[in-house]
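The values are calculated or read from the model by the stated rules, or taken from the named source; none is laboratory data. What you see is a predicted model; the values in this text were computed from it and never measured. Neighbour counts are summed over all protein chains in view; Cβ atoms, including those assigned to glycine, are modelled from backbone coordinates with ideal geometry.
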Amino acid sequence: MSTRPSVPKTKGAYQGGRAGRHVFNLYKLKRVPAGGKVGSRDHYANTRAVVIEGERIQVGLAFEKAGCGARPHTHPNEQFNFVVKGTLMADIAGRKTMKVSAGSVVYFPANVVHRTYATPDEDVIFYVVKDLSHGIAGRPVDRSRRGAHHVAPTASGSKSKRHGGAKHRPV
């Protein structure tokens, strides 16, 4: 007997096994916001992802524009990100920023403040795995701000400063 909810936890997510569907081409399906509702105090990233929910696990293929990413946030579920293309920078629990290159996995414990962002030189595609104790999006630490994290390139092309609220097209 299935314990699957009738509605996905993430709005717009596909449900594995529903109507006999078990195979999903993540590059061809509709992407949904994965960084909180745009325009709300819960908006912390412009990341777009195809999300598939099973009975206990959700997966997603996430797309982030170069220089963009998530402001610090938390969620009650564990998370693994496998970088498929590009380089993701990760800050976890205030530790030194880590570079996560294509072919690498980064782990985020439940309820720990973290953020990720794409390096300014290339878009990033990463595969997300989370348990279904919560949806795909987390909750920003600073809810007084709205919008995504952005690494602004300098005239020489290197990153200079970070600021929120920048608008970016999905990858």
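Show the residue pairs meeting these rules: Cβ distance below 8 Å; 6+ apart or different chains; first residue within region 102-123 and on the phi > 0 side of the Ramachandran plot; second residue β-branched (Val, Ile, Thr).
Gly103/Val83; Asn111/Thr74
Only residues that are farther than 21 Å from Asp142 by Cβ, loosely packed, with under 14 Cβ neighbours inside 10 Å and among the aliphatic types (A, V, I, L, M): list them for region 70-127, please.
Scanning region 70-127 gives Met98, Val105.
Inside region 17-61, can you point out the residues that are of a type in the set (Gly, Ala, Ser) and surrounded by 12 or more Cβ atoms within 10 Å (Cβ to Cβ)?
Gly17, Ala34, Gly35, Gly36, Ala45, Ala49, Gly54, Gly60, listed by residue number.
Of all residues in region 63-90, how many are closer than 14 Å to Tyr44 by Cβ and of a type in the set (A, V, I, L, M)?
Result for region 63-90: 1.
Sort out which residues of region 124-156 are farther than 25 Å from Pro109 by Cα and either modelled with pLDDT of 50 or more or outside any loop (DSSP other than H, G, I, E, B) (or both), and write them in order of number.
Ala152, Pro153
Using beta carbons and a limit of 7 Å, which pairs, at least six apart or on different chains, have the first residue in region 129-142 and of a type outside the set (A, V, I, L, M, F, W, C) and the second one part of a strand (DSSP E or B)?
The qualifying pairs are Lys130/Gln58; Lys130/Gln79; Asp131/Ile57; Gly138/His73; Gly138/Thr74; Arg139/His73; Arg139/Thr74; Pro140/His73.
What are the residues in region 12-31 that are within 21 Å of Gln79 (Cβ to Cβ) and free of Cβ contacts under 8 Å to residues at least 24 places away in the same chain, if any?
Within region 12-31, Leu29 is the sole residue that qualifies.
Given the criteria in contact (Cβ under 8 Å) with a residue 40 or more places away in the chain and over 23 Å from Ala90 (Cβ atoms), does Glu53 qualify?
Considered against the rule, which asks whether it is in contact (Cβ under 8 Å) with a residue 40 or more places away in the chain and over 23 Å from Ala90 (Cβ atoms), Glu53 comes out as yes.
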